[in-house]
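The values are calculated or read from the model by the stated rules, or taken from the named source; none is laboratory data. It should be emphasised that the depicted structure is a prediction, and the values quoted were computed from it without experimental measurement. Here the Cβ is made from the backbone with ideal geometry for all residues, glycine too, and neighbour counts use every protein chain on show.
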Amino acid sequence: MKSAVTTVISSADASGRFPTLSDIESVKGSFDRASARLESAETLAANIDRFTSESLDYVYGNNSYDQANKDKCSRDINHYLRLINYCLVTGGTGPLDEWGIAGMREVIRAQQLPTVAYIEALTFIRDKVNVPGEMSQQAATEFKSLLDYLINALA
């Protein structure tokens, strides 16, 4: 699984060199942000069901969407939020890359779900995080950057 440390080491290894000072500073920066990431992960874990529910209510509202599709979307949004939680803990995008993004579009298409529903739900969560009510500004920045990463992968 990719983390800030494994990414730097893999990159240096692939280039046949030791990590540079810049590489080490990158890892240090990740460690410096660790407390904000863990705060964000803790807040997300405590609110994952609410974030999922509110985002699906926003996207689907009272429209006449097929309940089965809404249930699949709910399951998937919850799954993606758990993967974001793992990313916050590891300090890298590995969990999303390995378990969420690879093949994600094909699965969504195979289930005949509108990709736009996922994008709207994730965007709603990103835009509605309450700072400082739910988390600090730095924790929200860490969380929102991973939401943006996933949104961009879906787009």
Criterion (without any contact (Cβ under 8 Å) to a residue 60 or more places away in the chain and under 17 Å from Lys2 (Cβ atoms)) met by exactly one of Ile108, Ile151, Ile101, Ile119: Ile101
Sole exception among (1) closer than 18 Å to Leu146 by Cα; (2) at pLDDT 85 or above for Arg105, by number: (2)
Candidates Val59, Val27, Val8 - the one that is over 18 Å from the mean Cα position of the chain (by Cα), surrounded by 16 or more Cβ atoms within 10 Å (Cβ to Cβ) and under 17 Å from Lys128 (Cβ atoms): Val59
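Residue-by-condition table, conditions (1) touching a residue at least 60 places away in the same chain (Cβ under 8 Å); (2) loosely packed, with under 15 Cβ neighbours inside 10 Å:
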site: Lys2; (1), (2): yes, no
site: Ala14; (1), (2): no, yes
site: Asp23; (1), (2): no, no
site: Glu54; (1), (2): yes, no
Val27 being in a helix (DSSP H, G or I), of a type in the set (A, V, I, L, M), assigned by TED's automatic domain parsing to the domain that holds Ala4 and farther than 20 Å from Ala121 by Cα: yes
Selected residue (only one of Tyr60, Tyr65, Tyr80, Tyr86 is farther than 15 Å from Asn152 by Cβ, modelled with pLDDT of 90 or more and hydroxyl-bearing (Ser, Thr, Tyr)): Tyr86
The range 126-155, residues that are within 11 Å of the chain's Cα centre (by Cα) and among the hydrophobic types (A, V, I, L, M, F, W, C): Phe143, Leu146, Leu147, Leu150, Ile151, Ala153
Subset of the range 109-124 (residues that are touching a Cys at 6+ places or on another chain (Cβ under 9 Å) and surrounded by 18 or more Cβ atoms within 10 Å (Cβ to Cβ)): Leu113, Ala117, Tyr118, Ala121
Residue match in the range 125-135 (condition: surrounded by fewer than 18 Cβ atoms within 10 Å (Cβ to Cβ), aliphatic (A, V, I, L, M), at pLDDT 85 or above and over 13 Å from Phe51 (Cβ atoms)): no
Test: residue in the range 80-98 that is among the hydrophobic types (A, V, I, L, M, F, W, C), surrounded by 18 or more Cβ atoms within 10 Å (Cβ to Cβ), over 30 Å from Val8 (Cα atoms) and not assigned by TED's automatic domain parsing to the domain that holds Ser10: no
